[in-house]
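Please read the structure below before turning to the comments.
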Amino acid sequence: MTTICKKRGAPRQSLADRIGRRRLRESGELYLIMLPALVMIFIFFYMPMFGVVIAFQDYVPGDPFFAFDGSTKWVGLQHFKTFFSSIYFPRLLKNTLTLSLMNLAFGFWVPIAFALLLNEVTHLRYKKLVQTASYMPYFISMVVAAGMVVSFIEKDGLVNKIITLLGGDPVSFRTDPKWFPVVYTVTNIWKSFGWNSILYLSAMASIDPALYESARLDGANRWQQALHITLPMIAPTIAIMLIFAVGDIMSSNTDLILLLYNNATMKTADVFGTYVYREGLLTGKTSLGTAIGLFASTVNLILVFIANKCSNKISGDGLF
């Protein structure tokens with residue numbers, strides 16, 4: 001009886017194999033499109049991960065990562081202990097969390113609000129114009145964007161001229177440490193909100209128009225439609241983007257900070273990334289810089305898992 005069942009089941013298995021091979025052939029073009037991106041990710045993201053071993057070594061650039069002749073000096077967690085006991089660690093942790101949380105609190109909802117407002121615009125030509133204008137700062141070089149911001153906030157810059165015209169006194173945005181988080185957050189939002197809104201606009205484009213028609217028949221106005229239809233439909237996208245944002249708290253826009261900060265604002269501008277740049281690259285402490293980067297990445301990974309767990313429990317949407 002078992003032999004008969006096996007013989008009867010064999011054609012079904014071969015049919016499944018044929019279907020699988022046909023689907024593979026049909027999807028071949030998609031796999032080929034993905035191949036360059038996968039190769040790039042492997043080369044630039046996965047292969048360098050091998051270098052994290054130097055966080056546990058007294059590494060000198062040019063030496064092999066592993067040598068069996070005793071030239072590789074393993075120091076264990078010494079670099080982590082040095083960093084955690086440093087007088088700079090509390091300041092770096094505070095500044096990193098402050099800048100990241102300000103960017104999360106004030107910058108995360110801006111692309112969502114912009115996408116909601118833009119979605120309500122019915123004039124197609126005006127909508128495209130506004131959308132294109134919002135993208136442009138993202139494509140400006142970071143150096144150029146930072147240079148523009150610095151020129152705006154100088155003592156005789158555009159911002160202070162407007163403040164003077166309104167009857168106020170000029171503000172030292174460039175040299176007063178308390179203003180650096182504000183300048184950094186506003187610059188980050190200005191440069192990225194248009195580009196970040198693309199994902200939300202794409203999610204809105206996939207909403208069934210029949211839902212809006214039914215809501216209009218029930219007497220819902222534009223605000224009620226946005227509140228009870230648009231927002232719930234893009235909630236999964238918002239949840240995923242929030243998880244990514246939370247998982248980036250221990251990281252900051254180091255390039256922008258390096259271009260905006262100076263010795264006067266170091267008190268509130270110095271973060272993990274800038275410290276790694278100074279200690280790891282400028283002074284040649286490669287192992288210490290790698291240890292700091294590994295610590296920040298590990299914390300970010302833990303935050304991703306926590307945020308994903310909370311999102312799954314609260315909204316039912318998550319990365320995994």
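Bear in mind that the values in this text are calculations on the coordinates, not laboratory data. Computed from a prediction, not measured in an experiment: that's the story for all the values here. Counting neighbours? That spans all protein chains shown, and the Cβs are built from the backbone with ideal geometry, glycine included.
Compare ILE43, ILE19, ILE87 in a GNM of the chain, Cα atoms joined below 10 Å, and give the one with the largest fluctuation.
Fluctuation is largest for ILE19.
Please find, in a Gaussian network model of the chain (springs between Cα atoms separated by less than 10 Å), the residue of SER134, SER287, SER206 whose mean-square fluctuation is greatest.
Comparing SER134, SER287, SER206 in a Gaussian network model of the chain, the most mobile one is SER206.
What is the spread of the Cα atoms of the stretch 180-320 along each of their three principal axes, largest first, in whole Å?
So the three principal-axis extents are 68, 32, 21 Å.
Could you tell me how many cubic angstrom of Cα convex hull volume the chain has per residue?
Enclosed volume per residue, from the Cα hull, is 273 Å³.
Past 24 Å, Cα to Cα, is the threshold; run LYS155/LYS178; LYS178/LYS285; LYS128/LYS191 against it and keep the listed order. Spell out each step's value before the answer.
Working: LYS155/LYS178 16 Å; LYS178/LYS285 30 Å; LYS128/LYS191 18 Å.
Over 24 Å Cα-Cα: LYS178/LYS285.
Show me the ranking of peptides 310-317, 263-270, 288-295, 20-27 by mean Cβ neighbours inside 10 Å, starting with the highest.
Answer by packing, highest mean first, reads 288-295, 263-270, 310-317, 20-27.
log10 I(q)/I(0), Debye, Cα-only the stretch 198-260, no solvent, q = 0.13 Å⁻¹?
-0.52
Quick one: Kirkwood hydrodynamic radius for the stretch 72-138, alpha-carbon pairs, angstrom, one decimal?
Value: 16.2 Å, from the Cα pair sum.
Under 15 Å Cα to Cα from LYS267, which aspartates and glutamates show up? Leave out anything in the same chain fewer than 8 places away.
ASP176
Once all Cα-Cα distances of the stretch 133-179 are split into 5 Å bins that start at 0, what whole-number percent is in each one?
Spelled out bin by bin, the stretch 133-179 gives 5, 21, 21, 20, 16, 13, 5, 0 percent.
Report the Stokes-Einstein translational diffusion coefficient (µm² s⁻¹, integer) for the stretch 20-131, Rh taken as the Kirkwood radius over Cα pairs, at 37 °C with viscosity 0.692 mPa s. Before the final figure, lay out each step's value.
Details: Rh = 20.5 Å.
Translational diffusion coefficient: 160 µm²/s.
Percent of Cα-Cα pairs more than 19 Å apart in the stretch 231-299, please.
In whole percent, the share of Cα-Cα pairs in the stretch 231-299 beyond 19 Å is 48.
Relative to the compact-globule scaling 2.2 N^0.38 Å, provide the ratio for the alpha-carbon radius of gyration of the stretch 16-68.
Ratio of Rg to 2.2 N^0.38 Å for the stretch 16-68: 1.97.
Would any residue of the stretch 265-287 have its amide N under 16 Å from a label point 7 Å out along Cα→Cβ of VAL52? List them or say none.
287
Set the Förster radius R0 to 30 Å, insert the Cβ-Cβ distance between VAL159 and LEU281 as r into 1/(1 + (r/R0)^6), and round the FRET efficiency to 0.05.
E between VAL159 and LEU281, to the nearest 0.05, is 0.40.
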